[in-house]
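What follows is a single structure, written as structure tokens, with notes after it.
What follows is calculated from the coordinates using simple rules that are stated; it is not laboratory data. Only a predicted model underlies this, so the values are computations on that prediction, with no experimental measurement involved. Every residue, glycine among them, receives a Cβ derived from its backbone with ideal geometry; neighbour counts consider all protein chains shown.
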Amino acid sequence: MAFETLDLGKIIGAAESIKGLRRQAESDKLRDAYLQTNIAGAQQQQKFAAQDQQAQMDAATAKRHYLTNQAIETSPDPKAAVQTFAPEIVQQYDQAHGQGAFDALHPEDVKSLARYAKEQAAAAAGINLQPDPNAQLSAQTSTENARLAAETARANNAASIAATRRGQDLSAGTTQRGQDIAAETARRGQDLTAANSKATNPSSAQNLSKAWDVYQQARTGLVKGLQGTETGPIMGRIPAVTTAQQIGEGAVSAMAPVLKQIFRVAGEGTFTDKDQELLMRMVPTRTDNPAARDAKLQNIDNIIRAKLGQDSSQPGKVVDFSALPP
């Protein structure tokens, strides 16, 4: 029997081939694991990015709900505010509680629902409804320091003024007594002249009556303009973007030239610059509540009526403002 001679080169070559195949298999396993790791990492990053984007969208939505419910809660007419800012609430409430259930709610109940929804939305949006105690303490400290500084300056100024006034009073007293006698004599003559002029000058009375009529028209427009929109210390500070809000702003602005014209018609000496400034401050605006608005208008009515000589006992000269249309 013949034996084949062992070829050592072939044996070594076969061994190297086997080692190469094993290394290739290990390399393929490592590459597959690396690719799977990268794919998993990319998928995880996409998941996190999607979650962050959804969280931002949820926060933005919650903030919109917070602002909407805040506007409803602070509105003098919360039901109308719901119809304006979130009409879908009416449908959702009626679906849950029956047709017409929302209309049967009391306005305070609507405000309570809006307050609860606002608190939930604030929590979701990350809005802190509690004031910062440190900020409050800092503000109180600054206010107190400013008050003390103002009181000190006011006391020093009062002392200086008092010392100067004592000297001035001594010299002015004698002069004033003589001037009072002369002024009283002149005033009596002016009163007599004015009475004669009023009796003989019908055009002056006509101008006063016309000024009164113009004021009535402006007052009616102001009342209608403010009653036709949302008013109050919060809603009134929202910029006038709706037609009703712009009409209300225009009605307030229209009172300025009317009052100035009344000042001119009433005559020099009847209305002072201080009278005009005070009356302009009394004109109601969108930031006033209805009760404050009515009180301001009644006060202006009384002053204008007295200044223009509108006697409530004369028929046709006084308007019953309670009968004006809304």
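Key figures for this structure:
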| item | result |
| --- | --- |
| Loop-located chymotrypsin sites (Phe, Trp or Tyr not before Pro) in segment 1-106, at most 14 other Cβ atoms within 10 Å (DSSP) | PHE3 |
| Reachable lysines from LYS224, criterion Cα separation under 27 angstrom, eight or more residues apart if same chain | LYS79, LYS111, LYS210, LYS260, LYS296, LYS307, LYS317 |
